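Taking it in order: structure first as structure tokens, then the write-up.
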Amino acid sequence: MTLKVKGVTYDVGMPVIKGGITRETLTSDVVAREMKIISEELHCTAVRITGQDMERLKMAANITARQGLDVWLSPSLHDADEQETFNQIVDAAHVCEELRKYDVQVVLVIGCELSVFMAGLIPGNNGLERLAVLSDPSRWTEELFAQGSPVERLNNFLARAATEARKRFSGPLTYAAGLWEDIDWRIFDFVGIDAYRDANNSNHFRDLIRKYKDYGKPIVVTEFGCCTYVGAEDQGSMGWLVIDRDSQPWRLKKSLIRDEGVQARYLTDMLALFEGEGVEGAFVFTFVSPSYPSSADPDRDLDVASFSIVRSWDGIKTSRYPLPWEPKEAFHAIARYYGNPS
């Protein structure tokens with residue numbers, strides 16, 4: 001089965017651990033140039049637009065739709081509480097309804113791995129602390145279940161948010177679930193999963209994907225990716241943790257061997273696996289990560305710890321593109337895969 005949704009994620013700005021934002025500035029001109037490249041050179045049919053600022057999300061979504069690309073709008077407020085997250089989802093539903101004037105599919109993604117990224121369900125001041133609790137059964141204390149099961153509370157929140165979103169947006173809804181989250185998919189139009197293969201799940205990864213067929217709804221991989229160094233394929237979604245954020249400026253915690261082929265092979269292997277399992281579509285994570293610039297100094301080549309399929313440079317514009325990045329091997333590999341008519 002050929003992928004119907006050939007996608008990439010596009011970040012308009014998210015908070016960075018220990019300060020800053022992933023995209024300090026973002027103009028409509030830059031978005032327009034990058035969406036043209038995503039459409040015409042990467043051969044995508046859809047873009048999952050992520051970020052926290054609603055005005056940026058709206059701007060990028062309109063440009064994406066005008067380019068003829070389907071829009072999967074995926075707002076995210078890291079470490080916000082339930083009410084703040086709920087309010088953002090409602091605002092995003094209004095934006096999605098406005099986008100229906102374009103001749104493209106518009107999908108609202110009403111959250112991403114909220115058990116980790118939303119405050120309140122799991123103890124912890126940030127996503128890393130909450131993930132640590134989830135990963136350690138010895139910390140599943142009575143406190144964790146004091147207000148009810150986190151799984152039930154998450155599904156109750158999603159049901160409430162989906163109900164309100166449908167009052168404002170008449171298009172399809174989904175949620176970007178972590179593989180550890182047990183979601184009630186009956187309330188959604190697509191099963192959406194963030195599916196990273198790593199050393200811990202590689203032996204049964206295909207079975208993990210296959211089980212989602214039981215819900216009888218089209219499956220879309222809302223996120224998958226790999227960093228750009230030897231061994232990154234075993235780290236999956238945690239590949240970025242090799243950066244020392246206590247140093248100024250940031251540097252790598254240890255020496256790594258830059259290898260763009262690792263990323264390219266991982267992404268195309270995963271696309272083939274998803275396609276073989278009849279998945280409706282997939283979104284490569286991610287297009288560009290300016291907050292992880294490359295460097296001639298291997299210890300400061302933060303791009304190796306980036307999931308982006310283009311290599312960012314700090315203020316340097318490449319000769320081919322009037323933009324501060326250049327395509328990696330992964331970019332060309334995805335372009336060939338998506339551009340293959342078979």
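The values are calculated or read from the model by the stated rules, or taken from the named source; none is laboratory data. Remember, it's a predicted structure, so these values are computed and weren't measured experimentally. Every residue, glycine as well, gets a Cβ built from its backbone with ideal geometry; the counts of neighbours run over all protein chains shown.
Here are the numbers for this structure:
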quantity	calculated
Matching residues in the range 58-104 - criterion: being free of Cβ contacts under 8 Å to residues at least 60 places away in the same chain, out of contact with any Ser or Thr (no Cβ under 8 Å at 6 or more places or on another chain) and among the small types (Gly, Ala, Ser)	60, 61, 65, 80
Qualifying residue in the range 179-199 (condition: crowded, with 16+ Cβ neighbours inside 10 Å, assigned to a strand (DSSP E or B) and free of Cβ contacts under 8 Å to residues at least 40 places away in the same chain)	yes
Qualifying residues in the range 290-306 (those that are part of a loop (DSSP other than H, G, I, E, B) and in contact (Cβ under 8 Å) with a residue 60 or more places away in the chain) - the one nearest to residue 20 (Cα to Cα)	291
Any hit, the range 218-237, residues being farther than 29 Å from residue 312 by Cβ, in contact with a helix residue (DSSP H, G or I) (Cβ under 9 Å, 6 or more places away or on another chain) and outside any helix (DSSP H, G or I)	yes
Residues satisfying the stated conditions in the range 258-274, i.e. surrounded by fewer than 20 Cβ atoms within 10 Å (Cβ to Cβ) and of a type in the set (A, V, I, L, M, F, W, C)	272, 273
Number of the condition not met by residue 17 [criteria: (1) at pLDDT 95 or above; (2) β-branched (Val, Ile, Thr); (3) touching a helix residue (DSSP H, G or I) at 6+ places or on another chain (Cβ under 9 Å)]	(1)
Unique match (being in a helix (DSSP H, G or I) and of a type outside the set (Gly, Ala, Ser)) among 43, 78, 94	94
Residues that are of a type in the set (S, T, N, Q) and surrounded by fewer than 17 Cβ atoms within 10 Å (Cβ to Cβ), drawn from the range 81-116	83, 87
Filter result for residue 235 (surrounded by 20 or more Cβ atoms within 10 Å (Cβ to Cβ) and more than 22 Å from residue 182 (Cβ to Cβ))	no
Filtered residue count, the range 151-170, keeping only those that are buried (at least 18 other Cβ atoms within 10 Å of the Cβ), under 20 Å from residue 98 (Cβ atoms) and in contact (Cβ under 8 Å) with a residue 60 or more places away in the chain	3
Flag for residue 247 being in a loop (DSSP other than H, G, I, E, B), over 19 Å from residue 49 (Cα atoms) and touching a Pro at 6+ places or on another chain (Cβ under 8 Å)	no
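To keep it simple, each residue is scored yes or no on (1) at pLDDT 95 or above; (2) assigned to a loop (DSSP other than H, G, I, E, B); (3) over 20 Å from the mean Cα position of the chain (by Cα); (4) not polar (S, T, N, Q).
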{"residue": "274", "(1), (2), (3), (4)": "yes, no, no, yes"}
{"residue": "288", "(1), (2), (3), (4)": "yes, yes, no, yes"}
{"residue": "308", "(1), (2), (3), (4)": "yes, yes, no, no"}
{"residue": "311", "(1), (2), (3), (4)": "yes, no, no, yes"}
{"residue": "316", "(1), (2), (3), (4)": "no, yes, yes, yes"}
{"residue": "319", "(1), (2), (3), (4)": "no, yes, yes, no"}
{"residue": "322", "(1), (2), (3), (4)": "no, yes, yes, yes"}
